[in-house]
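Have a look at the structure below, then the notes.
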Amino acid sequence: MVQSMKYNIGEIVCVIERLDELAYNTYKPIVENICIRKASELEVEHLLDYMVGICNSDRMVELFKRVCRKYIYLYPEIITSAIYTYKEM
């Protein structure tokens with residue numbers, strides 16, 4: 001039983017790592033695109049809403065921070081709200 005639990009935990013870790021890789025590879029070009037132009041308030045809000053739930057790794061957090069830094073002065077309420085939501089999670 002203990003050995004099968006270790007195997008299941010190992011599988012779970014592998015799945016989480018693959019999901020993180022997929023999330024990073026999906027969101028990196030989106031973040032790069034949104035940071036080189038002026039996106040609408042709604043677009044920034046939606047992106048951060050989607051990202052906040054998957055910031056499980058340092059590199060996903062860095063992408064999240066990059067968007068926040070880019071838009072903090074343009075859309076302070078949205079950015080502040082996203083940061084508080086992230087901290088609560």
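The values are calculated or read from the model by the stated rules, or taken from the named source; none is laboratory data. The shown structure was predicted, so the numbers you read here are calculated from the model rather than taken from an experiment. No Cβ is skipped: glycine too gets one built from the backbone with ideal geometry, and neighbour counts run over all protein chains shown.
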(message) Of all residues being surrounded by 12 or more Cβ atoms within 10 Å (Cβ to Cβ) and over 11 Å from the mean Cα position of the chain (by Cα) in the stretch 15-29, which is farthest from MET60 (Cα to Cα)? Just the residue, please.
(response) ILE16
(message) Here is a check on your reading of the model: is ILE30 at pLDDT 95 or above, of a type in the set (A, V, I, L, M) and at negative phi?
(response) yes
(request) Answer yes if at least one residue in the stretch 43-57 is more than 14 Å from the chain's Cα centre (by Cα) and either modelled with pLDDT of 95 or more or exposed (fewer than 10 other Cβ atoms within 10 Å of the Cβ) (or both), and no otherwise. (result) yes
(message) Scan the stretch 71-81 and tell me whether some residue there is loosely packed, with under 10 Cβ neighbours inside 10 Å, out of contact with any Gly (no Cβ under 9 Å at 6 or more places or on another chain), free of Cβ contacts under 8 Å to residues at least 60 places away in the same chain and among the aromatic types (Phe, Trp, Tyr).
(response) yes
